[in-house]
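Scroll down for the structure; my scribbles are underneath it.
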Amino acid sequence: MSGSVETAWPLAGASPGQIVVLARWSPAPGSHEDIRALLPDLVRASRSEPGCLGHQLFHPEGDGGDILLVERYADHSTMDAHKESPHFRDLALGRIAPLLRDRHIVVTTVE
């Protein structure tokens, strides 16, 4: 997938107890361009959060294919703070989620 916002793998150096989130977003037909326009602001704001140890996205070129976000947090409380942050609520939930056909999220702990 091209369109990566960052080249460093967000799981490099992961330690036991850290939280990893894999989010797969399936954009509705015709919505890729609108979503791609919002992604840099979401990633930038998320990376600035205390406890965010990695946040990278991958998306295809053109109007098709899923978007993958790979995120790493110090612990559950920092992940929960991310989900309650104004930028997540505005961008991810308020503006991007309505443009998705489907989304799947996997949350796991590094062992």
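Quick look at the numbers
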{"read-out": "Selection status of Leu100, aliphatic (A, V, I, L, M), more than 25 Å from Ala14 (Cβ to Cβ) and surrounded by 11 or more Cβ atoms within 10 Å (Cβ to Cβ)", "value": "yes"}
{"read-out": "Failed criterion for Val107 (all others in (1) out of contact with any Ser or Thr (no Cβ under 9 Å at 6 or more places or on another chain); (2) assigned to a helix (DSSP H, G or I); (3) within 22 Å of Ala12 (Cα to Cα) hold)", "value": "(2)"}
{"read-out": "Residue ID - farthest from Val110 (Cα to Cα), chosen from residues in the stretch 69-86 that are surrounded by fewer than 16 Cβ atoms within 10 Å (Cβ to Cβ) and not small (Gly, Ala, Ser)", "value": "Pro86"}
{"read-out": "Residue list for the stretch 52-68, filter: crowded, with 17+ Cβ neighbours inside 10 Å and part of a loop (DSSP other than H, G, I, E, B)", "value": "His59, Asp66"}
{"read-out": "The stretch 26-70, residues that are touching a residue at least 60 places away in the same chain (Cβ under 8 Å), within 11 Å of the chain's Cα centre (by Cα) and farther than 18 Å from Asp80 by Cα", "value": "Leu68"}
{"read-out": "Residue list for the stretch 1-50, filter: modelled with pLDDT of 90 or more, open to solvent by 50 Å² or more (accessible area, probe 1.4 Å), among the aliphatic types (A, V, I, L, M) and not in a helix (DSSP H, G or I)", "value": "Leu22"}
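The values are calculated or read from the model by the stated rules, or taken from the named source; none is laboratory data. Quantities reported herein were computed from a predicted structural model and do not represent experimental measurements. Cβ sites come from the backbone with ideal geometry, for glycine too, and all protein chains shown count toward neighbours. Only protein heavy atoms, including side chains, enter the accessible area calculation; ligands, DNA and RNA are left aside. Shrake-Rupley method; radii C 1.70, N 1.55, O 1.52, S 1.80 Å.
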